[in-house]
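Inspection log for the structure reproduced underneath, given as structure tokens.
The values are calculated or read from the model by the stated rules, or taken from the named source; none is laboratory data. Please read these numbers as outputs of a predicted model, since none were measured by experiment. Note that we place each Cβ from the backbone using ideal geometry, even for glycine, and neighbour counts take in every protein chain shown.
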Amino acid sequence: MHRILWFDEQIRAGHFPNAKSMAEHFEISVRQAGRDIEYMQDSLRAPMSYNARRRGYEYNDAAYILPSVFLTETDIRIVNFLIYKYEEAVKSIGYVEGLDRVVQTLKRFVPYQPEDSELPAFIVDARTAQHKHDIDRAIERGHKLSVVYADNAGEHEVDIHPYRTYSQVAPAHVAVIAWCEQSGEVEHFRLDRIESIRCSGQSYLR
């Protein structure tokens with residue numbers, strides 16, 4: 001949260017911050033800084049764009065303000081994963097009244113769709129559809145995947161244990177929740193930013 005607040009202040013001060021300046025200021029990787037910027041754009045709906053001439057970000061709408069209270073990226077990953085595990089458990093133990101009310105409340109604050117949800121109508125890209133097919137098949141078989149992913153920091157390869165795919169309407173995209181071996185965390189990967197997928201054939205514990 002402190003990195004996002006700093007980035008917001010830098011934009012308002014007209015300093016045109018970018019992933020590199022954030023990484024240097026907080027002594028983190030450019031890749032992590034890029035994910036923070038992506039989180040601001042996708043989850044916090046920050047109307048900002050990259051100014052190529054100034055080599056940094058600026059707000060398109062000066063009236064925009066950050067939410068006074070919001071979940072961090074890690075919080076959202078954890079909540080999504082807990083909802084998923086609960087719904088898996090329901091299949092064998094049935095609904096638990098008090099816990100179910102909590103889960104339904106959490107669903108109102110984080111993007112979530114059932115495991116068997118279909119691709120939404122806005123998806124027309126054949127590559128994204130193929131990625132979803134390959135990932136769903138790996139989930140069914142419990143196989144690890146090697147993925148080349150492109151974000152604000154550029155392309156990089158990660159090894160993931162996919163748990164489920166889901167779609168979100170605003171902004172429109174399909175993503176996979178997966179445990180990343182490189183970061184050691186549960187992360188969200190947008191399918192339209194995946195360059196390639198390779199199934200390792202190795203199993204993982206679910």
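Can you name the condition, by its number, that residue 128 falls short on among (1) hydroxyl-bearing (Ser, Thr, Tyr); (2) modelled with pLDDT under 90; (3) touching a Ser or Thr at 6+ places or on another chain (Cβ under 8 Å)?
(3)
Restricting attention to the range 187-206, which residues are among the aliphatic types (A, V, I, L, M) and modelled with pLDDT under 85?
205
Restricting attention to the range 136-183, which residues are in contact (Cβ under 8 Å) with a residue 60 or more places away in the chain, farther than 30 Å from residue 49 by Cβ and within 16 Å of the chain's Cα centre (by Cα)?
163, 164
Results for (1) of a type in the set (Phe, Trp, Tyr); (2) under 25 Å from residue 174 (Cα atoms); (3) modelled with pLDDT under 80, shown as yes or no for each residue.
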position: 38; (1), (2), (3): no, yes, no
position: 42; (1), (2), (3): no, yes, yes
position: 53; (1), (2), (3): no, no, no
position: 60; (1), (2), (3): no, no, no
position: 73; (1), (2), (3): no, yes, yes
position: 86; (1), (2), (3): yes, yes, yes
position: 91; (1), (2), (3): no, yes, yes
position: 96; (1), (2), (3): no, no, yes
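In the range 175-186, which residue that is at pLDDT 85 or above and in a strand (DSSP E or B) is surrounded by the most Cβ atoms within 10 Å (Cβ to Cβ)?
By that ranking, first place goes to 178.
Can you name the residue in the range 1-56 that is surrounded by 14 or more Cβ atoms within 10 Å (Cβ to Cβ) and among the charged types (D, E, K, R) and, of all such residues, is nearest to residue 155 (Cα to Cα)?
Selected residue: 31.
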